[in-house]
1. One residue is enough: does segment 234-250 have a residue meeting the conditions touching a Cys at 6+ places or on another chain (Cβ under 7 Å), at negative phi, modelled with pLDDT of 95 or more and hydrophobic (A, V, I, L, M, F, W, C)?
2. Specify which of the listed residues (Ile59, Ile82) is at pLDDT 95 or above and surrounded by 13 or more Cβ atoms within 10 Å (Cβ to Cβ).
3. Taking Asp113, is it modelled with pLDDT of 95 or more and among the charged types (D, E, K, R)?
4. Check segment 206-228 and report whether any residue there is farther than 27 Å from Ala124 by Cα, of a type outside the set (Gly, Ala, Ser) and surrounded by fewer than 19 Cβ atoms within 10 Å (Cβ to Cβ).
5. Across segment 223-235, what is the total count of residues that are over 18 Å from the mean Cα position of the chain (by Cα) and not aromatic (Phe, Trp, Tyr)?
6. Any idea how many residues of segment 93-152 are farther than 23 Å from Leu13 by Cβ, assigned to a loop (DSSP other than H, G, I, E, B) and among the acidic types (Asp, Glu)?
7. In segment 265-281, which residues are among the basic types (Lys, Arg) and either at positive phi or within 17 Å of the chain's Cα centre (by Cα) (or both)?
8. Does Leu177 meet the test of being in a strand (DSSP E or B) and of a type in the set (A, V, I, L, M)?
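The values are calculated or read from the model by the stated rules, or taken from the named source; none is laboratory data. The structure displayed is predicted, hence computed values, not measured ones. Positions of Cβ are backbone-derived with ideal geometry, glycine not excepted, and every protein chain shown enters the neighbour counts.
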Amino acid sequence: MQTFTSINCHGKLVNLHKPHVMGVLNLTPDSFYDGGAYNSENAILTQVALMLNEGATFIDIGGSSTRPGSQMPSEKEEWSRIGKVIPLIKQHFPEVLISIDTVYSTIAKRAVDSGVCMINDISAGLMDSKMIETVAALKVPYLMMHMKGRPESMQNNPVYDNVLKEIIDFFSKQVALCRKAAITDILIDPGFGFGKTLEHNFELLAKFDLLKIFGLPIVAGLSRKGMIWKTLDITTAEALNGTTALNMVALINGAKILRVHDVKEAMQCIKLFNKLDSVKN
């Protein structure tokens with residue numbers, strides 16, 4: 001199977017032969033780790049500058065909290081959080097590559113029209129029937145995530161016969177739909193913590209390399225997730241070391257993008273991985 005090692009972001013080819021970092025910018029009052037932290041223009045621009053200076057290739061903007069138990073905002077409310085922020089960031093950082101974390105096709109279109117170059121959809125098109133055709137028309141990369149259920153109920157006793165098989169079957173169907181719609185650049189994210197128990201999450205990470213069957217770039221979103229702080233009996237604020245440990249496992253097993261809150265530490269992890277990888281051959 002052909003392996004895709006680059007994506008086209010508004011005419012800029014991003015080579016994914018070596019891993020990259022996607023820095024998270026949550027513009028929500030209730031995100032599980034940094035909710036409400038970036039509620040002014042100065043705070044937003046300061047954080048974006050920090051993440052870019054520390055080495056982030058992408059900035060992922062979210063206007064909807066998807067923590068377990070959260071209620072999804074309306075399209076109007078979500079756009080009110082992000083609509084002015086996208087041009088603000090592009091004005092100060094014209095070359096920045098922004099992805100938008102949304103399940104709404106209307107927001108995806110408005111965001112791309114404002115300068116966004118990638119759509120990050122936690123529902124992989126299942127929460128908006130027009131999302132896949134919209135992304136195809138926009139001609140931007142599409143990051144699809146696996147989620148069992150919806151954020152408000154996804155952690156209510158999720159059950160799988162075989163978690164890896166179900167996720168692979170899920171992506172087989174959704175990738176086929178994207179191919180049929182002529183989406184060129186597809187990325188997949190197995191969705192750690194989205195409708196999965198701790199055991200499911202660790203099994204998924206242990207067998208992460210099986211996702212390479214699609215030949216598509218794989219994104220790992222492990223940053224400060226419950227599988228870390230619950231296992232270690234610590235808080236999210238104390239979960240950076242655990243995040244780095246699991247990010248290295250993901251890299252060894254084929255992750256091409258680390259989606260994180262802490263860019264510097266993720267970049268250090270990638271640098272060590274690249275050094276390790278360079279002496280294997």
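1. Yes, the conditions are met somewhere in segment 234-250.
2. Only one candidate passes the filter, namely Ile59.
3. On the way: modelled with pLDDT of 95 or more: yes; among the charged types (D, E, K, R): yes.
Yes: the conditions hold for Asp113.
4. Looking for residues that are farther than 27 Å from Ala124 by Cα, of a type outside the set (Gly, Ala, Ser) and surrounded by fewer than 19 Cβ atoms within 10 Å (Cβ to Cβ), one finds none in segment 206-228, hence no.
5. Adding up the residues that qualify gives 6.
6. Total satisfying the criteria: 2.
7. Answer for segment 265-281, where residues must be among the basic types (Lys, Arg) and either at positive phi or within 17 Å of the chain's Cα centre (by Cα) (or both): there is none.
8. Numbers: in a strand (DSSP E or B): no; of a type in the set (A, V, I, L, M): yes.
It is false that Leu177 is in a strand (DSSP E or B) and of a type in the set (A, V, I, L, M).
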